[in-house]
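A quick write-up on the structure given underneath.
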Amino acid sequence: MSESEHLMVVDSSGQPLYPATRKTVHRDGLWHETFHCFVIDLDKGHVLLQQRAKQKKDFPELFDITAAGHLLAGETPADGIRELEEEIGLVRQFNQLVPLGVFLGELILADLKDRERVHLYLTDSAVPLEQYRLQAEEVSRLIALPITEFARLADETAETFKTIDQEVIRRDQFVPHPLAYWRRVNEGIQAYRVQQM
């Protein structure tokens with residue numbers, strides 16, 4: 001997505017206000033809407049996370065949501081499903097996603113004021129890790145964190161996390177989402193596990 005594409009500026013309750021460029025939205029800290037989807041493999045007990053490509057403008061090479069993106073002016077969360085196919089090659093229908101609600105996320109840094117109404121989803125996929133098709137300009141690789149390790153992201157005292165391949169990832173290698181964000185996602189995963197029993 002280019003800096004000149006238009007996002008819909010909304011209020012914190014999601015009421016549309018007016019379109020503005022992505023650059024303006026992030027410069028002025030205006031609320032806008034995004035799509036986040038975490039891919040889990042419930043049978044194997046892990047959550048997939050992407051490592052952002054090194055050429056990304058924001059948070060290059062940090063670990064983040066499996067697939068995510070901005071919703072353009074006029075789009076709905078259902079349009080966000082394109083991110084799964086574009087970024088990791090996973091084809092899904094919108095009704096195959098499990099909605100986890102809307103999270104109000106604020107990330108204020110020196111050159112970025114990001115206020116997002118995040119439409120959060122998860123989806124269950126048994127595709128082997130090495131078979132995902134990654135969008136090279138967006139994603140450098142996927143890692144799989146055991147669900148028990150992923151849950152520890154919501155614990156501020158946890159500093160390192162071990163992938164299924166025993167690779168150790170430090171907290172500062174993750175995009176700095178607030179603990180409440182990780183907590184919300186983890187609660188959604190745990191609720192989904194209970195439903196599938």
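The values are calculated or read from the model by the stated rules, or taken from the named source; none is laboratory data. Everything quoted here is computed from the prediction, not taken from an experiment. Positions of Cβ are generated from backbone atoms using ideal geometry, with glycine treated the same way; all protein chains shown enter the neighbour counts. Heads up: the accessible areas ignore ligands, DNA and RNA and are worked out on the full protein's heavy atoms, side chains in. Shrake-Rupley method; radii C 1.70, N 1.55, O 1.52, S 1.80 Å.
In segment 33-50 there is no residue that is within 24 Å of THR163 (Cα to Cα), loosely packed, with under 14 Cβ neighbours inside 10 Å and under 18 Å from the mean Cα position of the chain (by Cα). Within segment 104-126, the set of residues being among the hydrophobic types (A, V, I, L, M, F, W, C) and in contact with a Pro (Cβ under 9 Å, 6 or more places away or on another chain) comprises LEU107, LEU109, LEU120, LEU122. Determine if segment 157-177 includes at least one residue that is within 17 Å of the chain's Cα centre (by Cα), loosely packed, with under 14 Cβ neighbours inside 10 Å and at pLDDT below 95. Taking every residue of segment 157-177 in turn, at least one turns out to be within 17 Å of the chain's Cα centre (by Cα), loosely packed, with under 14 Cβ neighbours inside 10 Å and at pLDDT below 95.
Output the residues belonging to segment 14-43 that are within 30 Å of ALA151 (Cβ to Cβ) and of a type in the set (Ser, Thr, Tyr). Before the answer, list the steps.
Restricting attention to segment 14-43, the residues satisfying the condition of being within 30 Å of ALA151 (Cβ to Cβ) are 14, 31-43.
THR34, the sole residue that qualifies.
Filtered by the rule that a residue be closer than 20 Å to HIS26 by Cα and at pLDDT 95 or above, segment 84-114 gives VAL102, PHE103, LEU104. Counting only strands (runs of 3 or more DSSP E) that fall entirely inside segment 137-197 and contain at least 2 residues that are farther than 27 Å from ARG115 by Cβ and touching a residue at least 40 places away in the same chain (Cβ under 8 Å), the qualifying elements are 139-146.
Results for (1) among the aromatic types (Phe, Trp, Tyr); (2) within 20 Å of ASP58 (Cα to Cα), shown as yes or no for each residue.
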| position | (1), (2) |
| --- | --- |
| ALA126 | no, no |
| TYR132 | yes, no |
| ALA136 | no, yes |
| GLU156 | no, no |
| ILE164 | no, no |
| GLN173 | no, yes |
| GLN196 | no, no |
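Checked against (1) open to solvent by less than 20 Å² (accessible area, probe 1.4 Å); (2) in contact with a strand residue (DSSP E or B) (Cβ under 9 Å, 6 or more places away or on another chain), SER140 passes all but a single condition, namely (1). Hey, any hits in segment 29-48 for a residue that's in contact (Cβ under 8 Å) with a residue 24 or more places away in the chain, among the charged types (D, E, K, R) and more than 29 Å from GLU187 (Cβ to Cβ)? Within segment 29-48, none of the residues are in contact (Cβ under 8 Å) with a residue 24 or more places away in the chain, among the charged types (D, E, K, R) and more than 29 Å from GLU187 (Cβ to Cβ).
Here the condition is being within 14 Å of ARG115 (Cα to Cα), surrounded by fewer than 16 Cβ atoms within 10 Å (Cβ to Cβ) and of a type in the set (Lys, Arg); of ARG22, ARG82, ARG27, it holds for ARG27 alone.
Listed conditions (1) modelled with pLDDT of 95 or more; (2) open to solvent by 80 Å² or more (accessible area, probe 1.4 Å) are all met by MET197, apart from (1).
Residue check: is GLN15 out of contact with any helix residue (DSSP H, G or I) (no Cβ under 7 Å at 6 or more places or on another chain) and open to solvent by 60 Å² or more (accessible area, probe 1.4 Å)?
On the way: out of contact with any helix residue (DSSP H, G or I) (no Cβ under 7 Å at 6 or more places or on another chain): yes; open to solvent by 60 Å² or more (accessible area, probe 1.4 Å): yes.
Taking the combined requirement at face value, the residue satisfies it.
Candidates in segment 85-106 are the residues that are among the small types (Gly, Ala, Ser) and touching a strand residue (DSSP E or B) at 6+ places or on another chain (Cβ under 7 Å); of these, the one that is most open to solvent (accessible area, probe 1.4 Å) is GLY101.
May I ask you to verify whether GLN131 is free of Cβ contacts under 8 Å to residues at least 24 places away in the same chain, under 19 Å from CYS37 (Cβ atoms) and either of a type in the set (Val, Ile, Thr) or surrounded by fewer than 19 Cβ atoms within 10 Å (Cβ to Cβ) (or both)?
Working: free of Cβ contacts under 8 Å to residues at least 24 places away in the same chain: yes; under 19 Å from CYS37 (Cβ atoms): yes; either of a type in the set (Val, Ile, Thr) or surrounded by fewer than 19 Cβ atoms within 10 Å (Cβ to Cβ) (or both): yes.
In short, yes.
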